[in-house]
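The structure appears right after this line, and notes come after that.
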Amino acid sequence: MPYPIKKAVFPVAGLGTRFLPATKAMPKEMLTVVDKPLIQYAVEEAMEAGIEHFIFVTGRNKNAIEDHFDRQYELMNILKEKGKIEQITILERDLPSAGQTSFTRQQEPLGLGHAVWCARHLIGKEPFALLLPDMLVQSKTGALKQMIQGYEKHGNNVIGLHEVPKSEVDQYGIVKTENMEDGQLKITNMVEKPKIEDAPSNLMIMGRYILQPEIMMLLENQNKGAGGEIQLTDAMLKLLDFQKFTGVSIDGKLFDCGSKLGFLSANVSYALDHPELGEEFRENIKKMLKL
Ligand code: UTP
């Protein structure tokens, strides 16, 4: 059995420029899909996969994230006085317990690779999960749990993959793969934001990773790559020289909530599936579209 994955890193220090002015004073990761912020979906997904230590790499204007995972005593007391039991349950549900969260700062948003490296002392010598909260997966079994199953079999590093239209490959990290006997994929190459004509496939790295701690020493010496940022994909490519990477095709609907279109689509999809709102929302949409 490979070393169990108990720690997860959530990089939340990006500027979120595609959502300005919404993200001027509020973190992008606090944008809500129906009634929950993006970061909460990611934390719940990690909890479902057995994560016990939640490490947030934050930046300026990100205090709301720290407060979100804290207990709100004043609010709780008011809700208790008013007998609002349901709301108390909602606030208590899926809250990491005392000592389960850590917050560290990326003083400058130098790229995803740099954000991950900022968590090196909290990770130590353990393999860890990495979840990008703006990539939201709507699925029966959470994306990270699906990957843990692949990790238990193959150990090493595991990357969640998703098919994208060929015209979109230049927006993401893209992998080259070979089929393995058990239906999973062996990753043989990866490239960050390739030109459409150079992309080795249309399988994108969809924001979920299980990584060995050696990635940290590679990130330490990693030069800037695509977009002038320190890219995680470049360091993973170096790790691929001496460790295996397995690709797990994630079952579920993927929404890139870092883009307006992806975020709006996520809201529609989650609202349609919502147990209380779904039916009425569907009718409203039909009326709007005159269907
Ligand atoms: P994005 O690539 O979406 O960048 O980051 P961004 O800065 O948040 O958004 P735009 O492009 O300006 O609109 C993907 C994830 O990595 C984190 C972000 O917070 C987001 O969760 N990130 C990115 C960092 O933590 N630090 C960085 O330097 C870059």
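Amide H contacts under 5 Å for residue 176: 188, 189, 190, restricted to partners 5 or more places along the chain or on a different chain, H placed in the peptide plane at 1.01 Å from N. Measuring between alpha carbons in the structure, the pairs from 28/260; 145/253; 36/145; 7/125; 6/140; 166/238 lying more than 18 angstrom apart are 36/145; 6/140; 166/238. Near the amide H of residue 101, within less than 5 Å, lie the amide hydrogens of 54, all on another chain or at least 5 residues away, with H placed in the peptide plane.
In this rough spin-label picture, where each label sits 7 Å from Cα along the Cβ direction, the residue 141-residue 15 distance is 4.0 nm.
Can you compute the label reach from residue 120? Point 7 Å from Cα along the Cβ direction, backbone N cut-off under 11 Å, restricted to the range 203-229. Inside the label zone: 214-222. One chain, two ends: residue 193 and residue 3. Fully extended at 0.36 nm per residue, the span grows by 65.2 nm beyond their Cα-Cα distance. Helix-only mean residue ellipticity at 222 nm, the chain, DSSP H runs n ≥ 4 weighted -39,500 (n - 2.57), per residue, nearest 500. What is it? Rounded to the nearest 500, it is -9000 deg cm²/dmol. Given R0 = 41 Å, the distance between the Cβ atoms of residue 290 and residue 221 translates into a calculated FRET efficiency of 0.10. Separation of the range 1-48 from the range 180-258 is 19 Å, based on Cα centroids.
Count Lys and Arg as plus one, Asp and Glu as minus one, and take only other residues whose Cβ is under 12 Å from that of residue 249; the net charge is then -1.
Coordinate-derived values only; no laboratory data. For clarity, every value in this text was computed on a predicted model and none was experimentally measured. Because the Cβ atoms are built from the backbone with ideal geometry, glycine has one as well, and the counts that use them run over all protein chains shown.
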